[in-house]
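Peer 1: Shown below is the structure under consideration.
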Amino acid sequence: MRILLVGNFGPDAQQSMQRYAAWLEPVLTARGYRVTVLRPRPFFARLTSRPALQKYLGYLDKFVLFPPHLRRLAKKHDLVHVLDHSNSMYLRMVRGTPCLVTCHDLLAVRAARGEFSDSPTRKTSGRLLQKWILSGLRTAPNVLCVSSKTASDLKVLASETGRRTRVIYNPLNWDYGPGAPLPEALLSRLGLRSGEPYLLHVGGSGWYKNRTGVLNIYARLIAKAEFSGVRLVMAGAPWSATMRELAEELELGDRAIEAAGPTNEELLALYGNALALLFPSLEEGFGWPVLEAQACGCPVITSARAPMTEVAGEAAIFVDPTDPQAAGTAIAEGLQRREWLRAAGFRNMKRFDEAELAGQYCAFYEDILKDASSPVR
């Protein structure tokens, strides 16, 4: 089978989508498929270094220059897999070739429709783009969803008439595991002492990551005597001005640490030596950090909401992300079972076995091709 994987535009710097393609290509190749990865190439976007202008010129690269190339190459393949739902409009450009798209989440689509007061999509261009993405998903013949929560959101936003939807979880997209020590250079950079207990949060700057909620929950937890010496490491995007103001208001001082842009190796060590991962997201499509933490033997504290409950299984302390006081109490009680949580996390990881999930991908491809080759009745 010749498979064309349609990846993301490089200048958009969507690391998780780049990792997704980097995982899937060799997995399929190892199973005997002939795989080509195709991405829009920057041409107009290279003409400027101004991010705002580069974004709009990138639309020309993605939606004007790229489609003819995609159409030509699609005809030479048996199956086209668009790897990101934000490119769902490409499906219309490969009609005549069996195809599918992976839907990772519908948060931006829902935000553009006004579902989240915390995240209004103000620009007309942004609302139009999300409308176009949803239109592509509505007409998609086959959709692979990374969680049942994402599949449920899709069902609400798009009727299921004529569409095959299948849920296949994500595997780890990097070699996370237990046992990595914290490097001295990292300890020094973060101002941590060797062996000092800390909670870890991993996440970007999106509103749904609830990073102000992380600070509020942490403040309630360290008010308890037994946790007064625990610090907080927030790895990922740099802090916003709102977060800095809140940290000052909560009088956290240097107990809350900003760890911007960590490498995979640094994250591996941070997970493996943390007291627990604090991940009280308001929304997610999947929730990679939950899996990454469990793979490293790090107990997980996360929201009692899907898909976090779906991904974590029973191996987590579940909290209300909007109630810091109650969350602090639940964490203090739950961490008394820390060793049980570690062991349960390792057991839960078996549900995300890479070979098993790769087999599910292949079975989905085969079903799509079988239907495409069946005579119309």
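Peer 1: Note down all Cβ pairs under 7 Å where the first residue falls in region 26-38 and is free of Cβ contacts under 8 Å to residues at least 24 places away in the same chain, the second is surrounded by 15 or more Cβ atoms within 10 Å (Cβ to Cβ), and they're at least six residues apart or on different chains.
Peer 2: Thr29/Val35
Peer 1: Moving on. May I ask you to list the residues in region 320-377 that are within 30 Å of Lys209 (Cβ to Cβ) and basic (Lys, Arg)?
Peer 2: Within region 320-377, Arg337, Arg338, Arg342, Arg347, Lys350, Arg351 qualify.
Peer 1: Considering only region 173-192, how many residues are surrounded by fewer than 19 Cβ atoms within 10 Å (Cβ to Cβ), at pLDDT below 95 and closer than 27 Å to Gly213 by Cβ?
Peer 2: 1
Peer 1: What is the one condition in (1) over 21 Å from the mean Cα position of the chain (by Cα); (2) part of a helix (DSSP H, G or I) that Ser86 does not satisfy?
Peer 2: Ser86 satisfies every listed condition except (1).
Peer 1: Go through region 314-332 residue by residue and tally those that are outside any strand (DSSP E or B), surrounded by 17 or more Cβ atoms within 10 Å (Cβ to Cβ) and free of Cβ contacts under 8 Å to residues at least 40 places away in the same chain.
Peer 2: Qualifying residue count for the region: 3.
Peer 1: In region 71-79, is there at least one residue being surrounded by 21 or more Cβ atoms within 10 Å (Cβ to Cβ), touching a residue at least 24 places away in the same chain (Cβ under 8 Å), outside any helix (DSSP H, G or I) and touching a Cys at 6+ places or on another chain (Cβ under 9 Å)?
Peer 2: yes
Peer 1: Are there any pairs, at least 6 apart or on different chains, whose C-beta atoms fall under 8 Å, with the first in region 115-131 and outside the structural domain of Tyr208 (by TED's automatic domain parsing) and the second in a loop (DSSP other than H, G, I, E, B) and at pLDDT below 80, and if so, which?
Peer 2: Arg127/Thr121; Gln130/Thr121
Peer 1: Of all residues being of a type in the set (D, E, K, R) and under 24 Å from Ser205 (Cβ atoms) in region 89-114, which is nearest to the chain's Cα centre (by Cα)? Just the residue, please. So that I can check it myself, show each step before the final result.
Peer 2: Filtering region 89-114 for residues of a type in the set (D, E, K, R) gives 92, 95, 105, 110, 113.
Still in the running and under 24 Å from Ser205 (Cβ atoms): 105, 110, 113.
Numbers: Asp105: 8, Arg110: 16, Arg113: 21 Å.
So, considering only residues that are of a type in the set (D, E, K, R) and under 24 Å from Ser205 (Cβ atoms), the one nearest to the chain's Cα centre (by Cα) is Asp105.
Peer 1: For the structure I just gave you, tell me whether Val37 is of a type outside the set (S, T, N, Q) and either outside the structural domain of Thr97 (by TED's automatic domain parsing) or within 27 Å of Tyr365 (Cα to Cα) (or both).
Peer 2: Spelling it out, Val37 is indeed of a type outside the set (S, T, N, Q) and either outside the structural domain of Thr97 (by TED's automatic domain parsing) or within 27 Å of Tyr365 (Cα to Cα) (or both).
Peer 1: Of the residues Arg50, Arg41, Arg19, Arg2, which single one is surrounded by fewer than 17 Cβ atoms within 10 Å (Cβ to Cβ), out of contact with any Cys (no Cβ under 8 Å at 6 or more places or on another chain) and under 29 Å from Ser373 (Cβ atoms)?
Peer 2: Being surrounded by fewer than 17 Cβ atoms within 10 Å (Cβ to Cβ), out of contact with any Cys (no Cβ under 8 Å at 6 or more places or on another chain) and under 29 Å from Ser373 (Cβ atoms) holds for just one of Arg50, Arg41, Arg19, Arg2, which is Arg2.
Peer 1: Please verify whether Thr212 is surrounded by fewer than 20 Cβ atoms within 10 Å (Cβ to Cβ), touching a helix residue (DSSP H, G or I) at 6+ places or on another chain (Cβ under 7 Å), among the β-branched types (Val, Ile, Thr) and assigned by TED's automatic domain parsing to the domain that holds Val311, treating the condition exactly as stated. Show your work before the answer.
Peer 2: Details: surrounded by fewer than 20 Cβ atoms within 10 Å (Cβ to Cβ): yes; touching a helix residue (DSSP H, G or I) at 6+ places or on another chain (Cβ under 7 Å): yes; among the β-branched types (Val, Ile, Thr): yes; assigned by TED's automatic domain parsing to the domain that holds Val311: yes.
So Thr212 passes the test.
Peer 1: Which of (1) modelled with pLDDT of 95 or more; (2) more than 20 Å from Leu73 (Cα to Cα) does Asn8 not meet, given it meets every other one?
Peer 2: Looking at each condition in turn, Asn8 falls short on (2).
Peer 1: Exactly one of (1) in contact (Cβ under 8 Å) with a residue 12 or more places away in the chain; (2) surrounded by fewer than 24 Cβ atoms within 10 Å (Cβ to Cβ); (3) within 19 Å of Trp239 (Cα to Cα) is unmet by Glu265. Its number?
Peer 2: Only one criterion is unmet by Glu265, namely (3).
Peer 1: Going residue by residue through region 92-101, is there one that turns out to be of a type in the set (Gly, Ala, Ser), exposed (fewer than 15 other Cβ atoms within 10 Å of the Cβ) and free of Cβ contacts under 8 Å to residues at least 40 places away in the same chain?
Peer 2: Yes, that holds for at least one residue.
Peer 1: Within region 160-169, which residues are at pLDDT below 95 and either within 14 Å of the chain's Cα centre (by Cα) or among the basic types (Lys, Arg) (or both)?
Peer 2: Passing the criteria: Arg163, Arg164.
Peer 1: Same structure again: Do we have Gln336 as surrounded by fewer than 16 Cβ atoms within 10 Å (Cβ to Cβ), assigned to a helix (DSSP H, G or I) and either free of Cβ contacts under 8 Å to residues at least 60 places away in the same chain or not assigned by TED's automatic domain parsing to the domain that holds Leu190 (or both) here?
Peer 2: When the stated conditions are applied, Gln336 passes them.
Peer 1: Additional query: Hey, any hits in region 116-129 for a residue that's assigned to a helix (DSSP H, G or I) and either crowded, with 20+ Cβ neighbours inside 10 Å or touching a strand residue (DSSP E or B) at 6+ places or on another chain (Cβ under 8 Å) (or both)?
Peer 2: no
Peer 1: Okay, next question. Looking for whichever is charged (D, E, K, R) and within 21 Å of Ile168 (Cα to Cα) here; the options are Glu258, Glu292, Glu265. Which one fits? Don't jump to the end; show me each part of the working.
Peer 2: Details: Glu258 fails: within 21 Å of Ile168 (Cα to Cα); Glu265 fails: within 21 Å of Ile168 (Cα to Cα).
Going through Glu258, Glu292, Glu265 in turn, just one is charged (D, E, K, R) and within 21 Å of Ile168 (Cα to Cα): Glu292.
The values are calculated or read from the model by the stated rules, or taken from the named source; none is laboratory data. Fair warning: this is a prediction, and the values are worked out from it, not measured in the lab. Methodologically, a virtual Cβ is constructed for each residue, glycine included, from the backbone with ideal geometry; neighbour enumeration extends over all protein chains shown.
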